[in-house]
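The values are calculated or read from the model by the stated rules, or taken from the named source; none is laboratory data. The structure displayed is predicted, hence computed values, not measured ones. Cβ placement follows ideal geometry from the backbone for every residue including glycine, while neighbour counts extend to all protein chains displayed.
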Amino acid sequence: MVDNCENNLINPNWAQHGYIQVYTGNGKGKTTASLGLAMRALGRCWKVLIVMFTKGGNDYGELNSFMNLSPTIKGNLKIVQAGLNRIVYKNNETEDDIKEIKKGWELAKKAIKNNEYQLIILDEANIAIDMDILDEDEVVDVLKNKPEEMEIVLTGRNAHPKIIEIAHLVSEIKPIKHYWDTGIVARKGIEY
């Protein structure tokens, strides 16, 4: 395979405008969609930041895949887990969870302000907002003032109406049928 990032001739001003995308809803596939977008962007030599709010630990197949990318492509990727070694919900959050999530948000804000990446994925940011850990007005303000060419994606259930209002693309993933409803538990390689 040829590593196209070495002699990248791609116009860095690819469209002169980056958009805000939201993947929300109760269906499966929000994070998966955003990570597919990350792979596409990395394949075009973009610098990509993924901040995983409410998720910690290393038992995620996507983390294994990203760590095994070619050195050049991997050099354009930064993944930050802003969560402890578990998934956080409203009924199990602790002060340590809140600190980790807020630390991840501070890092994301700095990266946005400093225009360090072409694509930033704020995975499960909608949940952190819904849990009142991140302030929706602050997030909206940061998004409204993002660099013109930067693409930002927010994932997670219960996207706040203010986030939906400023977004350029909103996809609601709705469950029609899911094998979980029959008692099947999360499977390695499919759900994580």
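Those residues that are aliphatic (A, V, I, L, M) and outside any helix (DSSP H, G or I), I need them from region 21-43; list them, please. Can you show your working first?
First, the residues of region 21-43 that are aliphatic (A, V, I, L, M): 22, 33, 35, 37-39, 41-42.
Result: VAL22, single match.
Which of the residues belonging to region 165-181 are of a type in the set (A, V, I, L, M, F, W, C) and within 19 Å of LEU37 (Cα to Cα)? Let's see the steps before the verdict.
Here is the first cut: in region 165-181, the ones of a type in the set (A, V, I, L, M, F, W, C) are 166-167, 169-170, 173, 176, 180.
ALA167, LEU169, VAL170, ILE173, listed by residue number.
Residue by residue through region 44-64, note down the ones that are of a type in the set (Phe, Trp, Tyr), outside any strand (DSSP E or B) and either in contact with a helix residue (DSSP H, G or I) (Cβ under 8 Å, 6 or more places away or on another chain) or surrounded by fewer than 19 Cβ atoms within 10 Å (Cβ to Cβ) (or both). First the steps, then the outcome.
So the first thing to find is which residues in region 44-64 are of a type in the set (Phe, Trp, Tyr), and the list is 46, 53, 60.
Filter once more, so that each one left must be outside any strand (DSSP E or B): 46, 60.
None; the set is empty.
Please go through region 163-186 and give me each residue that is surrounded by 11 or more Cβ atoms within 10 Å (Cβ to Cβ) and over 24 Å from ILE120 (Cα atoms), ordered by number.
If the condition is that a residue be surrounded by 11 or more Cβ atoms within 10 Å (Cβ to Cβ) and over 24 Å from ILE120 (Cα atoms), then PRO175, HIS178, TYR179, TRP180, ILE184 are the ones that fit.
Could you pull out every one of the helices (runs of 4 or more DSSP H) wholly within region 95-162 that has 3 or more residues that are surrounded by fewer than 24 Cβ atoms within 10 Å (Cβ to Cβ)? Break it down into steps so the answer makes sense when it comes.
Values: elements: 95-113, 125-130, 136-144.
In region 95-162, the matching helices (runs of 4 or more DSSP H) lie at 95-113, 136-144.
So, ILE73, is that one surrounded by 12 or more Cβ atoms within 10 Å (Cβ to Cβ) and in contact with a Leu (Cβ under 6 Å, 6 or more places away or on another chain) or not? Before you say what the answer is, go through the steps one by one.
Values: surrounded by 12 or more Cβ atoms within 10 Å (Cβ to Cβ): yes; in contact with a Leu (Cβ under 6 Å, 6 or more places away or on another chain): yes.
For ILE73, the condition - surrounded by 12 or more Cβ atoms within 10 Å (Cβ to Cβ) and in contact with a Leu (Cβ under 6 Å, 6 or more places away or on another chain) - is met.
If you go through region 126-138 one residue at a time, do you hit one that is over 24 Å from LYS90 (Cβ atoms), touching a residue at least 12 places away in the same chain (Cβ under 8 Å) and not charged (D, E, K, R)?
Residues of region 126-138 over 24 Å from LYS90 (Cβ atoms): none.
For region 126-138, residues over 24 Å from LYS90 (Cβ atoms), touching a residue at least 12 places away in the same chain (Cβ under 8 Å) and not charged (D, E, K, R): absent.
Among the residues that make up region 65-76, is at least one of them touching an Asp or Glu at 6+ places or on another chain (Cβ under 7 Å), in a loop (DSSP other than H, G, I, E, B) and under 22 Å from VAL140 (Cβ atoms)?
So in region 65-76, the residues touching an Asp or Glu at 6+ places or on another chain (Cβ under 7 Å) come out as 70, 72.
Right, trim to in a loop (DSSP other than H, G, I, E, B) and you get 70.
Applying the additional criterion that residues be under 22 Å from VAL140 (Cβ atoms) yields none.
No - not one qualifying residue is present in region 65-76.
May I ask you to list the residues in region 86-143 that are among the aromatic types (Phe, Trp, Tyr) and under 16 Å from the mean Cα position of the chain (by Cα)? Give the steps one after another, and end with the answer.
At the first step, the residues of region 86-143 found to be among the aromatic types (Phe, Trp, Tyr) are 89, 105, 117.
Answer for region 86-143, where residues must be among the aromatic types (Phe, Trp, Tyr) and under 16 Å from the mean Cα position of the chain (by Cα): TRP105, TYR117.
Cβ-Cβ below 6 Å, separation at least six or inter-chain, first residue in region 171-185 and in contact (Cβ under 8 Å) with a residue 24 or more places away in the chain, second of a type outside the set (Ser, Thr, Tyr) and assigned to a loop (DSSP other than H, G, I, E, B): which pairs?
If the second residue must be of a type outside the set (Ser, Thr, Tyr) and assigned to a loop (DSSP other than H, G, I, E, B), the pairs left are GLU172/GLY25; ILE173/GLY25; ILE173/GLY27; ILE173/GLY29; LYS174/GLY25; LYS174/GLY27; PRO175/ASN26; PRO175/GLY27.
With LYS78, LYS74, LYS90 as the choices, which residue is of a type outside the set (A, V, I, L, M, F, W, C) and at pLDDT 95 or above? Spell out how you get there, then give the answer.
On the way: LYS74 fails: at pLDDT 95 or above; LYS90 fails: at pLDDT 95 or above.
Exactly one residue qualifies, and that residue is LYS78.
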